[in-house]
Amino acid sequence: MKRRQLIQVAGAGSVLGALGMITGCATSGGSGGPHVVVVGGGYGGATAAKYIRLWSDQSIRVTLVEPSAAFISCPISNLVLGGTKTMADITISYDNLANRHGVNVVRDMVTSIDADKRTVKLASGGELSYDRLILSPGVDFMWDTLPGMAKPGAQDKVLHAWKAGPQTVALRKQLEAMPDGGVYAISIPLAPYRCPPGPYERACQVASYFTKAKPKSKVLILDANDDVTSKGPLFKKAWADRYKGMIEYRPKHNVVDVDAATNTLKFEFNDDVKASVLNVLPAMRAGDIAVKSGLATANKRWCEIDYLTHEAKAAKNIHVLGDSIQVAPLMPKSGHMANQHGKTCAAAVVALLTGKQPNAMPIYTNTCYSFVSAEDAVHVASVHRYDAAQKTMLTVPGSGGVSSAANELEGGYALAWARNIWADTLA
């Protein structure tokens, strides 16, 4: 797939103050016209908020509810663990959404949804009414599958760092404090989970750091799946060529419990494993607000949707985006895909609120880059088109592709991709 730089992000920073902080009875900015509330300011939610304003010529009011002070990108965050990027490099202000596009950004959390009254309640005590509601809450973790992680302090010691932010920094500090000759172990849950190649990229980044700072150390990948779930041949080649003797991959290792006190992983069928640093990725599901609201109708885990509009099958006037949905065949849970969901949903919501028909054949593109070293990357790309007969998104035959080999040119493309999608989402 041809890649080129489209837009440069002018700069990155953090929000200095809470935008649109409200108390009591919350109201949206502006007056008149339909009102859309968007919950979650990640790749899906922020994109939807921006493009509803753009494609409605500012006639549809949009309120974005997001607890974080700034957008922090999960893609590229593994490079923070490897030491080649900082948190400032992947942190971007929500200022443009507010100042350039007129999105009312509310720093808060939605605690409940009343689908009949079309209202949401906020943690601050406020309430917002909506004509259409868009949920993009990402993933949350199925901690009940790992009983030991419920013990006091366990989740502060054994980190997932699968939501870029404080745990990313904390895990980096654990790696820095680990003695040379120690073992870093990452456990991967059964698919589906957020960002299929992400754990394998993380293993490469940790190994890249170890080759420079702790050459006697080891990276142990404990995968519940039968094999590497994405870019398998490329990752395995990198492990063999670049990190021989440092990275060990063990498939069919399903973690069923964690002893945080002794840094020990327990498995369904395999012997216990103890490591200096444990990085446990629990099984994942749709974000809490989606599950709590009864929208997770696929095994009470993921939200089923109408792919033409992203409207939830469980509730009218509520749309779900990103990692929380029950994905179509071969559709990854990725940041790029969430961005595509955001645009498709934005176009559909504008159409529905202005008396028009939504697009009958949406098309998604997806590109996912993974760094196998500090400079070299690989990618996989795909195109997905709506199939009216099956009412789902199907991969277009012959579309997309995968890298032939890891190289520095791909690494440059990866960083350009990140700048472009950050701009598309937030600029």
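The values are calculated or read from the model by the stated rules, or taken from the named source; none is laboratory data. Computed from a predicted model, the values in this text were never measured in an experiment. We place every Cβ from the backbone using ideal geometry, glycine too, and count neighbours over all the protein chains shown. The protein model used for the area step is the full one, side chains on, heavy atoms only, and it has no ligands, DNA or RNA in it. Shrake-Rupley method; radii C 1.70, N 1.55, O 1.52, S 1.80 Å.
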Q. What are the extents of the Cα atoms of the range 165-251 along their three principal axes, listed from largest to smallest and rounded to whole Å?
A. 32, 32, 16
Q) In percent, how large is the relative contact order of the range 328-427, given Cα pairs closer than 8 Å and 6 or more residues apart? A) 25
Q) Taking K and R as +1 and D and E as -1, what net charge do the other residues with C-beta under 9 Å from the C-beta of Val256 add up to? A) -1
(Q) Just to confirm my numbers, what's the Cα centroid distance between the range 91-109 and the range 225-250 in Å? (A) 40
Q: Towards the positive end of the charge dipole of the chain, with charges on Cβ (+1 Lys, Arg; -1 Asp, Glu), say which of His310, Ile188, Gln326 has the farthest Cα.
A: His310
Q: Kindly express, to the nearest 10 degrees and within the range 0 to 90, the angle between helix 43-55's C-alpha long axis and the longest C-alpha principal axis of the chain.
A: 30
(Q) Let's test this: bin the Cα-Cα distances of the range 147-199 at 5 Å from zero up to the farthest pair and state each bin's percent. (A) 4, 15, 22, 25, 23, 9, 2
Q: Calculate how steeply helix 232-242 sits against the longest principal axis of the alpha-carbon atoms of the chain, using the helix alpha-carbon long axis, and give the answer as 0 to 90 degrees to the nearest 10.
A: 40
Q) Using a 1.4 angstrom probe and counting only protein chains, how large is the accessible area of Ile60 in Å², to 10? A) 0
**Q.** Rg and Dmax of the chain, Cα atoms only, in Å
**A.** 21.3, 65
Q: Just check the range 45-165 against the gyration tensor rule for me: Cα atoms, a ≥ b ≥ c as the square roots of the eigenvalues, rounded for a/c under 1.5, and otherwise prolate or oblate depending on whether a/b exceeds b/c.
A: oblate
Q.
On a 1.4 Å probe surface of the protein chains, which of Trp239, Trp143 comes out largest in accessible area, and what is the full order?
A. Trp143, Trp239
Q | Candidates Leu281, Leu321, Leu409, ranked by Gaussian network fluctuation over the chain, Cα under 10 Å, top entry | A | Leu409
Q.
Using the Karplus curve 6.51 cos²θ - 1.76 cosθ + 1.60 with θ = phi - 60°, what ³J(HN,Hα) values do you get for each residue of the range 145-156, in whole Hz, with x for Gly and Pro?
A. 7, 10, x, x, 6, 7, 6, x, x, 4, 6, 7
Q) Gly138's amide H: which non-local residues (gap 5+, or another chain) put their own amide H closer than 5 Å, with H modeled 1.01 Å from N in plane and none for Pro or chain starts? A) Gly287, Asp323, Ser324
Q) What is the projected area of the convex hull of the Cα atoms of the range 158-302, averaged over all directions, in nm²? A) 9.3
Q.
Can you give me the C-alpha center-to-center distance between the range 38-86 and the range 347-387, rounded to a whole angstrom?
A. 15
**Q.** Ranked order, Ser293, Ser403 - accessible area, probe 1.4 Å, largest first
**A.** Ser293, Ser403
**Q.** Over 21 Å between alpha carbons, listed pairs Lys173/Lys212; Lys85/Lys173; Lys252/Lys274; Lys163/Lys252; Lys121/Lys292; Lys117/Lys356
**A.** Lys163/Lys252; Lys117/Lys356
(Q) For the range 300-395, I need the span (max minus min coordinate) of the C-alpha atoms along each principal axis, in Å, sorted largest to smallest. (A) 50, 29, 24
(Q) Rounded to two decimals, what is the ratio between the C-alpha radius of gyration of the range 303-348 and 2.2 N^0.38 Å? (A) 1.03
Q: Under a 10 Å cutoff between Cα atoms, tell me which one of Ser404, Ser129, Ser373 has the largest fluctuation in the Gaussian network model of the chain.
A: Ser404
**Q.** Exposure of Met178 as accessible area (Å², to 10), given a probe of 1.4 Å and all protein chains
**A.** 10
Q | Karplus-derived HN-Hα couplings along the range 283-295 (A = 6.51, B = -1.76, C = 1.60, θ = phi - 60°), whole Hz, x at Gly and Pro | A | 4, 10, 8, 4, x, 3, 5, 5, 5, 4, 8, x, 8
Q | Sites matching trypsin sites (Lys or Arg not before Pro) across the range 77-139 that sit in DSSP coil, with at most 10 neighbouring C-beta atoms within 10 Å | A | Lys117
Q. Amide H neighbours of Asn407 under 5 Å, counting only residues 5+ apart in sequence or on other chains, H built in-plane at 1.01 Å?
A. Ala377
Q: Output ³J(HN,Hα) for the range 87-101: one whole-Hz value per residue in order, computed from phi by the Karplus curve 6.51 cos²θ - 1.76 cosθ + 1.60 with θ = phi - 60°, and x for Gly and Pro.
A: 4, 4, 5, 10, 10, 9, 5, 8, 4, 5, 4, 6, 7, 8, 10
**Q.** Residue of Val383, Val105, Val38 that the Gaussian network model of the chain assigns the largest fluctuation, springs spanning Cα pairs under 10 Å
**A.** Val383
Q: Return one number: the angle in degrees, 0 to 90 and rounded to the nearest 10, between the long axis of the Cα atoms of helix 408-426 and the longest principal axis of the Cα atoms of the chain.
A: 30
Q. How much accessible surface area, in Å² rounded to 10, belongs to the heavy atoms of Ser59 with a 1.4 Å probe?
A. 60
**Q.** Relative contact order computed over the chain (Cα-Cα under 8 Å; 6+ residues apart), in percent
**A.** 19
**Q.** Theoretical ellipticity at 222 nm over the chain - DSSP helices of four or more residues, -39500 (n - 2.57) apiece, nearest 500
**A.** -7500 deg cm²/dmol
